[in-house]
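Student: Okay, handing you the structure first.
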Amino acid sequence: MTVSGGVDSITLTHLCTKIGLDVSLAHCNFCLRGKESDVDEDFVNRFGDQLGLEVFSQRFDTKGYASENKLSTQVAARNLRYNWFQELANQLQFDYILTAHHADDSLETFLINFSRGTGLEGLTGIPEINENIVRPLLAFSREDIEVYAIENHLKWRDDSSNAETKYLRNKLRHDVIPTLKSINSNLLKNFLTTQRQLLEIREIVEDRMNDVSESVIEEIDDSKIVFNIPKLEELNNPKAYLYQLLKDYGFTSWDDIENLLTSQPGKQVFSSDYRLLKDRETLILMRQGANETEDAISVESLDPVVFGEGKLMFTEVDNWEELDEPIIFIDVDKIQLPLTLRKWKDGDFFYPIGMRGKKKVSKFLKDEKWPLIKKEGLWILCSGDEVVWLVGERMDDRFKITDQTKRILKIQLIQNK
């Protein structure tokens, strides 16, 4: 159980011990309030000793962490505590992490998200259960908790920073919400009712999105998700569906994303970690950096070479045969080591076997109607400045077997599964 020493966490601890739950206490000292932070830590340790409970305490250089990761102090403290709570839970095999968030906390979160602009998820407040994190007091107000603590003669610590209104949450807590409650004494009760209804609506939306996802997603694997544009356009309000499909990937330019449906192939929209690419009849979602050009690999000998798409095998053979697999047979005396294995680039050209004359690789891929994502992932094998093979696809006519060939080299691509 997470315990700050405030009335909320002290009350939750008291309730848990009263009903006989097997709990341990975890306290974070963020070292932000000098001696006051240390006194809070001592208070929680003594409180745990009085109840016969094991207490885990951790000190953090919160300001240093915030500066290093370019975070606000509040976000830094949140990341530090939840990361540590999860580490404790994993190491000591705790079943749950209990926090003492209550109804007023959830209302504050609702107003923060509402003021910043949010989807349905941000308007449903703090979840009661989120994987192994459980918040048993969400149905109760701050006032309910304080009344219980006083009636049971509990002692607690007040965090002086909670009185400062420079933080948005505190400003809402001390200035905005009391005004709203003075206007409507049933504010918190009505909020909890609305929150429950929003959660029910959210479940309906999620059920609908499961059906839509099955319809519009053509392909999904570890590197990408491919969406079918015609099926998206059949939906009422495609923009709303695109938001639901992509909201977890950090995008904010929803008008630009909707415009991708009718834009030219090659247009992209970026979030901090992902990109959404228009390719003919599909939208392709990929993590930033996927398919970027990798360093060229120098093939010094005819030993196997491992690279991004799999492995190249080189074997001298006596005869060659046509195979459907990604295998080519070349005249070994026409190549010069070291070979180079790299991603293709603009300006590359080759002499496609079975065709007359040379052709730019870019033109060949366009004529073959290659998808953009497949183009980005194409590797070529070169001898000097000459392309030997568009790996896995078309070889160069200059290296083919002829009647004068004395030594045959088999090159096979074993693709990653």
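Student: Do you know which of the residues in region 121-154 that are part of a loop (DSSP other than H, G, I, E, B) and of a type in the set (G, A, S) is most open to solvent (accessible area, probe 1.4 Å)? Working first, answer last.
Tutor: Going through region 121-154, the residues part of a loop (DSSP other than H, G, I, E, B) turn out to be 124-128, 131-132, 135-141, 152-154.
When the remaining residues are screened for being of a type in the set (G, A, S), the result is 125, 139, 141.
Working: G125: 12, A139: 74, S141: 16 Å².
My answer is A139.
Student: Sticking with this structure for a sec: Please go through region 38-54 and give me each residue that is in a helix (DSSP H, G or I) and open to solvent by 60 Å² or more (accessible area, probe 1.4 Å), ordered by number.
Tutor: Within region 38-54, D42, R46, D49, Q50, L51 qualify.
Student: Does I380 qualify as being open to solvent by less than 10 Å² (accessible area, probe 1.4 Å), assigned to a strand (DSSP E or B) and not aromatic (F, W, Y)?
Tutor: Details: open to solvent by less than 10 Å² (accessible area, probe 1.4 Å): yes; assigned to a strand (DSSP E or B): yes; not aromatic (F, W, Y): yes.
Yes: the conditions hold for I380.
Student: Restricting attention to region 155-189, report how many residues are in a helix (DSSP H, G or I) and either of a type outside the set (S, T, N, Q) or at pLDDT below 90 (or both).
Tutor: Residues that pass the stated criteria total 21.
Student: Contact list please: Cβ distance under 7 Å, first residue in region 159-174 and β-branched (V, I, T), second residue part of a helix (DSSP H, G or I), pairs at least six apart or on different chains.
Tutor: From region 159-174, the pairs are T165/K171; T165/H174; T165/D175.
Student: Another question, then. Please enumerate the residues belonging to region 1-37 that are of a type in the set (G, A, S), open to solvent by less than 40 Å² (accessible area, probe 1.4 Å) and part of a loop (DSSP other than H, G, I, E, B).
Tutor: G5, G6, S24 - these are the residues of region 1-37 that are of a type in the set (G, A, S), open to solvent by less than 40 Å² (accessible area, probe 1.4 Å) and part of a loop (DSSP other than H, G, I, E, B).
Student: Then there is this: Among residues belonging to region 322-331 that are loosely packed, with under 14 Cβ neighbours inside 10 Å and acidic (D, E), point out the one that is farthest from K375 (Cα to Cα).
Tutor: Among those residues, the one meeting the criterion is E322.
Student: Looking only at region 55-68, count how many residues are assigned to a helix (DSSP H, G or I) and open to solvent by 70 Å² or more (accessible area, probe 1.4 Å).
Tutor: 3
Here is a yes/no grid of residues against (1) of a type in the set (G, A, S); (2) modelled with pLDDT under 95; (3) open to solvent by less than 50 Å² (accessible area, probe 1.4 Å); (4) in a loop (DSSP other than H, G, I, E, B):
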| position | (1), (2), (3), (4) |
| --- | --- |
| T315 | no, yes, no, no |
| D333 | no, yes, no, no |
| K345 | no, yes, no, yes |
| G354 | yes, yes, no, yes |
| G357 | yes, yes, yes, yes |
| K369 | no, yes, no, yes |
| Q404 | no, yes, no, yes |
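Student: Name the one entry in E325, E300, E316 that is of a type in the set (D, E), within 30 Å of D403 (Cα to Cα) and touching a helix residue (DSSP H, G or I) at 6+ places or on another chain (Cβ under 7 Å).
Tutor: Checking each option against the conditions leaves just E316.
Student: Does L409 satisfy the condition of being surrounded by 18 or more Cβ atoms within 10 Å (Cβ to Cβ), out of contact with any strand residue (DSSP E or B) (no Cβ under 8 Å at 6 or more places or on another chain) and among the aliphatic types (A, V, I, L, M)?
Tutor: No, not satisfied.
Student: Among the residues in region 75-92, are any open to solvent by less than 60 Å² (accessible area, probe 1.4 Å) and either among the basic types (K, R) or not in a helix (DSSP H, G or I) (or both)?
Tutor: Checked region 75-92: no residue is open to solvent by less than 60 Å² (accessible area, probe 1.4 Å) and either among the basic types (K, R) or not in a helix (DSSP H, G or I) (or both).
Student: Inspect region 172-193 for any residue being open to solvent by less than 70 Å² (accessible area, probe 1.4 Å) and under 26 Å from the mean Cα position of the chain (by Cα) and give the result as yes or no.
Tutor: no
Student: Here is a follow-up. Of all residues being among the β-branched types (V, I, T) and touching a Phe, Trp or Tyr at 6+ places or on another chain (Cβ under 6 Å) in region 383-410, which is farthest from G308 (Cα to Cα)? Just the residue, please.
Tutor: I401
Student: The conditions are (1) more than 21 Å from R78 (Cβ to Cβ); (2) surrounded by 13 or more Cβ atoms within 10 Å (Cβ to Cβ); (3) in contact (Cβ under 8 Å) with a residue 40 or more places away in the chain, and D104 fails exactly one of them. Which is it?
Tutor: (1)
Student: In region 155-171, what count of residues is obtained for those that are open to solvent by less than 90 Å² (accessible area, probe 1.4 Å), among the basic types (K, R) and closer than 23 Å to N45 by Cβ?
Tutor: Looking only at that region, the number is 1.
The values are calculated or read from the model by the stated rules, or taken from the named source; none is laboratory data. Quick caveat: nothing in here was measured; it's all calculated off a predicted structure. Virtual Cβ from ideal backbone geometry, glycine too; neighbours counted across all protein chains shown. For accessibility, only protein heavy atoms count, side chains too; no ligands or nucleic acids. Shrake-Rupley method; radii C 1.70, N 1.55, O 1.52, S 1.80 Å.
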